[in-house]
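> This is the structure I have questions about; it appears just below.
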Amino acid sequence: MTKLLKKISAPLISLIFLLNMSSAGMAETTVSAEVGFIFNTLLFLICGFLVMFMAAGFAMLESGMVTSKSVSVICAKNIGLFSIAGIMFWMVGYNLAYGIPEGGYIGKFIPWSDASAVDTGYSDGSDWYFQMVFCATTVSIVSGTMAEELNYGHFSYLLQFYQVLSIQQ
């Protein structure tokens, strides 16, 4: 019995000692509102850049699925897709998703404007960018299913219509 007690007591005493020491060394984890604002904005931008790189991956995937003569058209569609998606999301998308009045169901059909404040915790511009790249990525996925099926003019009309419908919430 004493052998068992000796085998158990050393790890148990060590564990209690380590648990006691870890609570004594806790650091203060609060940051000022400005520092939180900066890091939240930076995180939105970095994650938005990563999502935007998905479009390059979709363009490469689509380019591999089409004939070699259509690769330049696919790349032009993906570049145009982000251009149109950015403009449409600025014009109506963001305010439809986030400009909802109290008790309402849908926002307003007006262009987005920046009203950033430190108390929100992040920049409205970085949030707009993050939401826009997700909407553009959803359209990029849909464009991959229609590779070589639509000409560019019809695709741009479909893109504008889908962009208004693909509002993230």
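The values are calculated or read from the model by the stated rules, or taken from the named source; none is laboratory data. The structure presented is a predicted model; accordingly, all values stated were derived computationally and were not measured. We place every Cβ from the backbone using ideal geometry, glycine too, and count neighbours over all the protein chains shown.
> Given the structure, is Ala97 surrounded by 15 or more Cβ atoms within 10 Å (Cβ to Cβ), within 19 Å of Asn78 (Cβ to Cβ) and at pLDDT 70 or above?
Against the criterion (surrounded by 15 or more Cβ atoms within 10 Å (Cβ to Cβ), within 19 Å of Asn78 (Cβ to Cβ) and at pLDDT 70 or above), Ala97 does not qualify.
> May I pose another question? Working carefully through the options Ser70, Ser83, find the one that is under 22 Å from Glu149 (Cβ atoms), modelled with pLDDT under 85 and either surrounded by 12 or more Cβ atoms within 10 Å (Cβ to Cβ) or basic (Lys, Arg) (or both).
Ser70 is the lone residue from the list that is under 22 Å from Glu149 (Cβ atoms), modelled with pLDDT under 85 and either surrounded by 12 or more Cβ atoms within 10 Å (Cβ to Cβ) or basic (Lys, Arg) (or both).
> Scanning the range 32-51 for residues that are in a helix (DSSP H, G or I), among the small types (Gly, Ala, Ser) and modelled with pLDDT under 90, which turns out surrounded by the most Cβ atoms within 10 Å (Cβ to Cβ)?
Restricting to residues being in a helix (DSSP H, G or I), among the small types (Gly, Ala, Ser) and modelled with pLDDT under 90, the top hit is Gly36.
> Inspect all residues belonging to the range 98-118 and state whether any of them is more than 17 Å from Thr145 (Cα to Cα), without any contact (Cβ under 8 Å) to a residue 40 or more places away in the chain, assigned to a helix (DSSP H, G or I) and of a type in the set (A, V, I, L, M, F, W, C).
no
> Let me ask you something else. Could you tell me whether Ser143 is buried (at least 18 other Cβ atoms within 10 Å of the Cβ), modelled with pLDDT under 80 and in a helix (DSSP H, G or I)?
When the stated conditions are applied, Ser143 passes them.
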